[in-house]
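Worksheet: the structure to be examined is printed underneath.
The values are calculated or read from the model by the stated rules, or taken from the named source; none is laboratory data. Model, not experiment: these values are computed from the prediction. As a convention, Cβ positions derive from the backbone with ideal geometry for all residues, glycine included, and neighbour counts pool all protein chains shown.
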Amino acid sequence: TALPIWELKFTALAAGTLPIATEHVKHNVEYQKKRGVMQGPAEELSPALTTKIRDMVKRCCRILELDGYARIDLRLDAEGTPYFIEANPNPEIASTEELAQSALFDGIEYPDLLNRILQLGLQRAGKEIVYVERPSLRPHRRAAMVATDMSAARE
């Protein structure tokens, strides 16, 4: 499943500053405010470019044999041609980071995103996933997950 295309925007860089995601850009809130660094859904992509980017990302994941979850970073040139920058097979999953924010924009709430990531890992390890309901402030949510080794159950 591909999440919405997420964009890092630089709206107030100093003259001569390149739009590169440095440590300050990624983690310094004061710097982000001062330099107008924002993240959000890519809004100015044509349907054709969106399809091209999605296909490129899926192809990168296949070629690099990525499974589970990952983030593929691209850069568009002035003509709108996407270029592969890097694959991040273990991107930050904090609720405020790009992956979780993109998932939320797609209607996947943070606890559900974490459950999906855990489920992918457990399935890859050959474990059965059993969701256990617990009373909570939000009873409609799965509150706990238990994995059992299916090979032991078959013996």
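Out of all the residues in region 41-59, is one or more over 29 Å from Leu18 (Cα atoms), of a type in the set (Asp, Glu) and out of contact with any Phe, Trp or Tyr (no Cβ under 8 Å at 6 or more places or on another chain)? No: zero hits.
Residue count for region 95-107, restricted to those that are touching a helix residue (DSSP H, G or I) at 6+ places or on another chain (Cβ under 9 Å) and touching a residue at least 12 places away in the same chain (Cβ under 8 Å): 4. Any idea how many residues of region 62-88 are assigned to a strand (DSSP E or B), within 17 Å of the chain's Cα centre (by Cα) and not acidic (Asp, Glu)? The qualifying residues number 8. Right, Asp73: at pLDDT 90 or above and over 28 Å from Leu13 (Cβ atoms) or not? Judged against the criteria, Asp73 is not a match. Pairs meeting the criteria (first residue in region 42-56 and in contact (Cβ under 8 Å) with a residue 24 or more places away in the chain and within 20 Å of Ala103 (Cα to Cα), second residue part of a loop (DSSP other than H, G, I, E, B) and of a type in the set (Gly, Ala, Ser), beta carbons under 6 Å, at least 6 apart or on different chains) are Arg54/Ala2.
Within the option set Met38, Met56, being modelled with pLDDT of 85 or more, farther than 30 Å from Leu122 by Cα and not in a loop (DSSP other than H, G, I, E, B) holds for one residue only, Met38.
Matching residues to (1) of a type in the set (Phe, Trp, Tyr); (2) at pLDDT below 95; (3) loosely packed, with under 13 Cβ neighbours inside 10 Å:
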position: Ala48; (1), (2), (3): no, no, yes
position: Lys52; (1), (2), (3): no, no, no
position: Ala78; (1), (2), (3): no, yes, yes
position: Thr81; (1), (2), (3): no, no, yes
position: Phe84; (1), (2), (3): yes, no, no
position: Ile93; (1), (2), (3): no, yes, no
position: Glu98; (1), (2), (3): no, yes, no
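Within region 122-133, residues that are within 11 Å of Gly68 (Cα to Cα) and in a helix (DSSP H, G or I) have Cβ atoms under 9 Å from residues that are modelled with pLDDT under 65 and not acidic (Asp, Glu) in these pairs: Leu122/Met145; Leu122/Ala147, counting only partners at least 6 apart in sequence or on another chain.
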